[in-house]
1. Scale the Cα Rg of the chain by the rule-of-thumb value 2.2 N^0.38 Å and send over the ratio, two decimals.
2. Please compute, for the alpha-carbon atoms of segment 63-112, the extent along each of the three principal axes and give them in descending order in Å.
3. Take the alpha carbon atoms of segment 349-378, find their center, do the same for segment 237-292, and report the distance between the two centers in whole angstrom.
4. Given the peptides 295-308, 86-99, arrange them by the average over their residues of other C-beta atoms within 10 Å, most packed first.
5. If packing is taken as the mean number of other Cβ atoms within 10 Å per residue, what is the order of 44-51, 318-325, highest first?
6. Can you put E367, E25 in order, fewest other beta carbons within 10 Å first?
7. Do you know the relative contact order of the chain, to the nearest whole percent, from alpha carbon pairs under 8 angstrom that are 6+ apart?
8. Given segment 330-420, report the % of alpha carbon pairs whose separation exceeds 23 Å.
Amino acid sequence: MSKSLPDLKRLNLITDRPEALAVMESLRKSLSPRGDIVSPRGRELTMKVFGEALAPVAVVDRILSDISTSGISALLRYTELLDGKKLTPETIRVSTSEMADAAAHVRPAYTSTIESVKANVLKFQKSILHHDSKPLTEIDGQIWLRYRPLNRVGVCIPGGAAAYPSSLVMTVVPAQAAGVKEIAVVVPPTEFGGYNRELLAACHILGVKEVYRVGGAQAVGALAFGVDGIKAVDKIVGPGNLFVALAKKAVFGHVDIDSIAGPSEVLLIADESANPDFIAADLISQAEHSPGSSLLVTWVPELIEAVATALEAQLLQLSRGDLARESLEQYGALVLVRDEAEAVELSNQMAPEHLHISTSNAVALSERLTNAGAIFMGHHTPVAAGDYAAGPSHVLPTGGTARWASGLTANHFLRSTSMIHLTDNGLRQIAGSITHLADVEGLTGHKSSVTVRTEKTN
């Protein structure tokens, strides 16, 4: 097969497994939140704010340190320096009346859509919610696991290049399903963020009471450490840019986080039954995040040529076609493998965020695909269904972390506590095991805490 595809000259065409693994790993590393890649604009802004060309990790450390020591004054200063917005402790918070006014001025169809999606997500999240385990009584007494919601969580919503009410729904509603009482939303002070009517309306529709016009690492710091007017949270969730990801990584341990996410990614496995137009559209849908990784894996040579042709035609019709094209050229690949088994092996090694199986045996094939943030099966289940409306959250593990990590669910907003209630007889049933292990470990105090109860004189 020719390696010259229609017009997409730089789109990777891979025809052997070692090359596929090498290229895929290269794409992954280039998109990972390592913190050592700075855009020209980012370098210029860093010089302007800090007086030196700091790496993103150093920028984040500086910001978090200032927030933790100087509080609200540092938060407002960085909001002005980095976002160009001069706010006050009063104007940084979006009032409930502003959100209500926004909701009153959006189209009824939008309100209905948010309510409908909320219902889908809430129903799904509640259906999977953990409940207290049934007490075990083999040892005299009761032993069980108790679940309780976190008290307060912070939600980061992007707002740089576009407004994302879908991310609001996919983070806030799972927390609500878990029973979290206090939810604080932070969003950049931009036309797509804290001043976006649709986003503020969605906050009102969802019942969110706290919204703050602050973004980036400074928002993460405010949520983690607390500042005047913004109470510290127990957990921070939600997507964001490199600086948000690095800040979440830095505050983990002081608070909990959902993940350290990189750019969006999709891997499609397709056979001869797949529609090239569908496949092209699915590749573009992730690439338009720009950056976003889009990979097709197939054992059908004709499909690769057909998809490349469909990509060209569709990119010309989309408003974000140029952005998607650039992303496809840098982070896209069409991979020709020998057979279905090799496709499965490659996918499991890559552990993609989104895995779309566009084959005639999609459900059966999914049983062999063990590593993915979310799996979309069949020709009529685009990733967009999960992004917007199906029910599971679209906050998913990226960068190969789906080998061990999972997508955000209501259960991630719960804490489990071991509950142990023994009777006198129950303690005696296991006293021998306790004292034996305490003797082996030389922990005489542990042993004594048992024997003082079991060897007492009635």
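We did not get these values from a lab; they are worked out from the coordinates using the rules stated. None of these values were measured; they are calculated from a predicted model. Neighbour counts are summed over all protein chains in view; Cβ atoms, including those assigned to glycine, are modelled from backbone coordinates with ideal geometry.
1. Values: Rg = 25.6 Å, N = 458, 2.2 N^0.38 = 22.6 Å.
The chain yields a ratio of 1.14.
2. Largest to smallest, the principal-axis extents are 45, 18, 17 Å.
3. 16 Å
4. On the way: 295-308: 20.1, 86-99: 15.4.
Taking the mean over residues of other Cβ atoms within 10 Å, the ranking is 295-308, 86-99.
5. Values: 44-51: 13.4, 318-325: 17.0.
Ranked from most to least packed, the peptides come out as 318-325, 44-51.
6. Details: E367 7, E25 13.
Arranged by neighbour count, lowest to highest, E367, E25 become E367, E25.
7. On the way: 862 pairs, mean separation 89.7, N = 458.
20 percent.
8. On the way: 1226 of 4095 pairs.
Pairs farther apart than 23 Å: 30 percent.
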